[in-house]
Amino acid sequence: MTKKQTLIQAIKILGFGIVLLVVSTYLLNFAFLNKNVIPLYVVLPLGIIGVAATIFTLFRGIRKIVSVFFDH
């Protein structure tokens, strides 16, 4: 894989991470605003899993970009 292809793939990963960031934030906010209803127990774990996936995805994208620019 060339550096250009790797950079494009890293930018796609970061774009997906940004989407996950918005969605997981919305899910957590929705869960904490509706504390007295049953969907809290469904939406809150999804939001927490989304936050973990966001952190993993963003760090993976950043690591890939850094490896493109600073790999020998």
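The values are calculated or read from the model by the stated rules, or taken from the named source; none is laboratory data. Keep in mind the model is a prediction, meaning the values are calculated, not measured. Please note: Cβ atoms are built from the backbone with ideal geometry, for glycine as well, and neighbour counts cover all protein chains shown.
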(message) Tell me yes or no: at least one residue of the range 45-59 is in a helix (DSSP H, G or I) and touching a residue at least 40 places away in the same chain (Cβ under 8 Å).
(response) yes
(request) Go through the range 19-38 and give me each residue that's surrounded by 14 or more Cβ atoms within 10 Å (Cβ to Cβ) and of a type in the set (A, V, I, L, M). (result) Leu20, Leu21, Val23, Leu27, Leu28, Ala31
(request) Count, please, the residues in the range 13-33 that happen to be touching a Leu at 6+ places or on another chain (Cβ under 6 Å) and more than 30 Å from Thr2 (Cα to Cα). (result) 2
(request) Name every residue in the range 33-57 that is modelled with pLDDT of 90 or more and not aliphatic (A, V, I, L, M), in order of residue number. (result) Pro45, Gly47, Gly50, Thr54, Phe56, Thr57
(message) Out of everything in the range 39-57 that is touching a Gly at 6+ places or on another chain (Cβ under 9 Å) and surrounded by 15 or more Cβ atoms within 10 Å (Cβ to Cβ), what residue ends up being nearest to Ala10 (Cα to Cα)?
(response) Thr57
(request) Return the only residue of Leu7, Leu20 being in contact (Cβ under 8 Å) with a residue 60 or more places away in the chain and assigned to a helix (DSSP H, G or I). (result) Leu7
